[in-house]
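A short write-up of the structure that comes next.
Every read-out reported here was derived from the displayed coordinates using simple, explicitly stated rules and does not represent laboratory data. Just so it is clear, the structure is predicted and the values come from calculations on it, not from any experiment. Using ideal geometry, Cβ is built from the backbone for each residue, glycine included, and neighbour counts are taken over all protein chains shown.
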Amino acid sequence: MTPRTMATSTDTTQRRLAFPFLLQLFPSTRYQGSKRKLAAEIVDHLRDLHFTTVLDAFGGTGAVAYALKEIGKHVTYNDVLNFNHQIGLALIENDEIKLADEEIESVGVRRRGVSYDDFIERTFAGIYFTDEENRWLDVAAANIHHVADGFKRSIAWFGLFQSALAKRPYNLFHRSNLYMRVADVPRSFGNKATWERPFHEHFRRFAGSANAAVIDGGGHSRATCNDALEVSGSFDLVYIDTPYVNCAGVGVDYHYFYHFLEGLVRYPDWPDLIDPHFKHRPLRRAVGRWNDAKRCHAAFRDLFDRFRDSTLAVSYRSEGTPTIDELASMLGQIKRRVRVLLMRPYQYALSTNRASQEVLLIATD
Ligand SMILES: C[S@@+](CC[C@H](N)C(=O)[O-])C[C@H]1O[C@@H](n2cnc3c(N)ncnc32)[C@H](O)[C@@H]1O
């Protein structure tokens with residue numbers, strides 16, 4: 001087995017660098033609602049509060065958890081999706097392990113004596129990727145599942161997820177739209193060169209960027225994979241960034257948008273999880289309360305109540321359901337002081353709503 005490759009930076013040298021120094025190493029991702037561009041500002045607002053342990057309850061890309069790790073906090077990254085959990089392992093729980101160059105280069109190469117399934121090639125023909133790309137994915141997914149070291153495996157998953165997103169129109173899996181990529185037509189959007197770049201080239205780049213982002217948190221951070229309400233333990237501070245439901249009641253369904261990544265990480269079970277009624281072969285729907293306009297108020301109330309002993313910090317946007325005022329009022333019922341801080345103007349990728357304002361609610365005793 002290839003020896004583990006250690007990160008070079010130490011806990012102390014990291015601390016001496018002015019924040020946000022290491023955050024700049026955090027890989028840019030193509031994920032709905034990522035707070036990468038706001039993470040430094042969010043953490044700047046939080047760092048004056050007294051806390052050591054912190055839960056990022058809806059971790060996503062891990063950008064905020066990573067910024068908190070950089071300033072020396074004991075971070076628990078949580079996300080309900082298994083593929084995101086791998087990202088939390090790679091960048092938050094992992095303090096030192098990297099994927100070696102030869103492991104990166106061989107990820108999509110068939111190994112002697114291994115029999116590979118062709119599930120992706122059979123199931124997703126003509127839907128998201130070309131046949132040749134599907135064959136590469138079948139091999140890479142099997143090879144990654146066989147990586148013995150959990151942190152190395154998580155870095156490899158990170159590389160594979162980002163590669164798959166980069167090659168997708170809209171960076172999503174919500175439609176069968178390979179035709180948009182391959183049709184020979186003039187285009188006013190998208191990046192044909194990125195879509196057509198081979199998987200192994202994307203993978204080399206993204207696995208390399210995850211390697212470069214491994215920082216030493218002194219063994220204090222971890223990644224969990226639970227419904228936010230089910231995370232055990234107590235935390236000085238809980239950072240909350242739920243899926244967003246707009247004022248028309250339409251929510252972001254992460255399970256639906258990113259089902260293919262969830263399938264990759266659950267490859268052995270994937271055939272049993274698919275909903276065959278849809279042409280684009282998503283996983284069977286798992287609509288939670290967080291993207292349902294009728295149930296998200298109660299979900300917020302339950303979450304605030306579950307973590308009522310912690311300082312609560314909520315990232316939110318105007319024009320949402322519930323409204324900012326409703327959230328502030330819910331927080332005011334369990335906390336003595338609630339502040340609503342306006343964040344600098346920032347436009348989300350794919351968002352057409354230029355009036356939407358990003359805020360951070362901080363509730364303390
Ligand atoms: C707005 S995103 C978080 C973005 C994150 N702060 C970042 O910077 O990338 C919301 C996340 O909540 C996760 N999620 C959805 N339902 C959840 C639940 N019940 N418990 C925990 N996480 C959940 C989604 O998978 C998604 O990654």
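I need the P(r) histogram for the stretch 140-192: all alpha carbon pairs, bin width 10 Å from 0 out to the longest distance, whole percents.
Answer for the stretch 140-192: a P(r) of 22, 37, 25, 14, 2 percent.
How high is the relative contact order of the chain, given as a whole-number percent (alpha carbon pairs under 8 Å, six or more residues apart)?
Relative contact order for the chain comes out at 19 percent.
Working only with C-alpha atoms, what are the Rg and Dmax values of the chain, expressed in angstrom?
Values for the chain (Cα only, Rg and Dmax): 20.6, 64 Å.
What residues from the stretch 272-288 fall in the zone where the backbone N is under 19 Å from a label point 7 Å along the Cα-to-C-beta line of GLU230?
Output list for this probe position: 273-274, 283-288.
Taking the Cα centre of each part, how many Å lie between the stretch 255-327 and the stretch 30-90?
17
So which trypsin sites (Lys or Arg not before Pro) in the stretch 108-137 pass both tests, a DSSP loop state and at most 16 other Cβ atoms within 10 Å of the Cβ?
Listed in order of number, the matching sites are ARG110, ARG111, ARG112.
What are the membrane-span-like helices in the chain by this rule: whole DSSP H runs, Cα extent along the axis at least 18 Å, mean Kyte-Doolittle hydropathy at least 0.5?
Working: long enough: 131-145 (21 Å, -0.78); 150-166 (24 Å, 0.63); 199-212 (19 Å, -0.70).
Counting only whole DSSP H runs, the qualifying helices are 150-166.
What chymotrypsin sites (Phe, Trp or Tyr not before Pro) in the stretch 160-213 are in a loop by DSSP, with at most 10 other Cβ atoms within 10 Å of the Cβ?
Working: sites: PHE161, TYR170, PHE173, TYR179, PHE189, TRP195, PHE199, PHE203, PHE206; in loops: PHE173, PHE189.
Here the sparse-neighbourhood loop sites are PHE189.
Quick check: convex hull of the Cα atoms in the stretch 61-140, volume per residue, rounded to a whole Å³?
Cα-based convex hull of the stretch 61-140, divided per residue, equals 140 Å³.
Mind checking the full-extension length gain between ARG205 and ARG122? Use 0.36 nm per residue of separation minus the Cα-Cα distance, one decimal, nm. Provide the component values of the computation, followed by the final result.
Numbers: separation 83, 0.36 × 83 = 29.88 nm, distance 2.77 nm.
Result: 27.1 nm gained on full extension.
Classify the stretch 32-181: rounded, prolate or oblate, from the alpha-carbon gyration tensor (a ≥ b ≥ c, eigenvalue square roots; a/c under 1.5 rounded; otherwise prolate if a/b is larger than b/c)? Walk me through the numbers before you get to the answer.
Values: a/c = 3.01, a/b = 1.67, b/c = 1.80.
Oblate is the answer for the stretch 32-181, as a/c is 1.5 or above yet b/c matches or exceeds a/b.
How much FRET efficiency would the formula 1/(1 + (r/R0)^6) give for ALA18 and ALA148, where r is the Cβ-Cβ distance and R0 is 41 Å, rounded to 0.05?
The calculated FRET efficiency here is 0.60.
Quick check: pseudo-label points 7 Å beyond the Cα along Cα→Cβ at ARG175 and ARG284, how many nm apart are they?
2.8
Across bins of 5 angstrom width beginning at 0, how are the C-alpha pair distances of the stretch 233-320 distributed, in whole percent?
The distribution over the stretch 233-320 is 3, 12, 18, 17, 15, 16, 12, 6, 2, 0, given as percents.
Using a Förster distance of 51 angstrom, determine the FRET efficiency expected from the C-beta separation of VAL109 and ARG336, and round it to 0.05.
0.30
So which trypsin sites (Lys or Arg not before Pro) in the stretch 198-292 end up in coil per DSSP with only 10 or fewer other C-beta atoms within 10 Å?
On the way: sites: ARG204, ARG205, ARG222, ARG266, LYS279, ARG284, ARG285, ARG289; in loops: ARG266, LYS279, ARG284, ARG285.
The qualifying sites are LYS279.
Select from GLY62, GLY218, GLY233 the residue whose mean-square fluctuation is largest in a Gaussian network model of the chain (Cα-Cα springs shorter than 10 Å).
Greatest mean-square fluctuation among the candidates belongs to GLY233.
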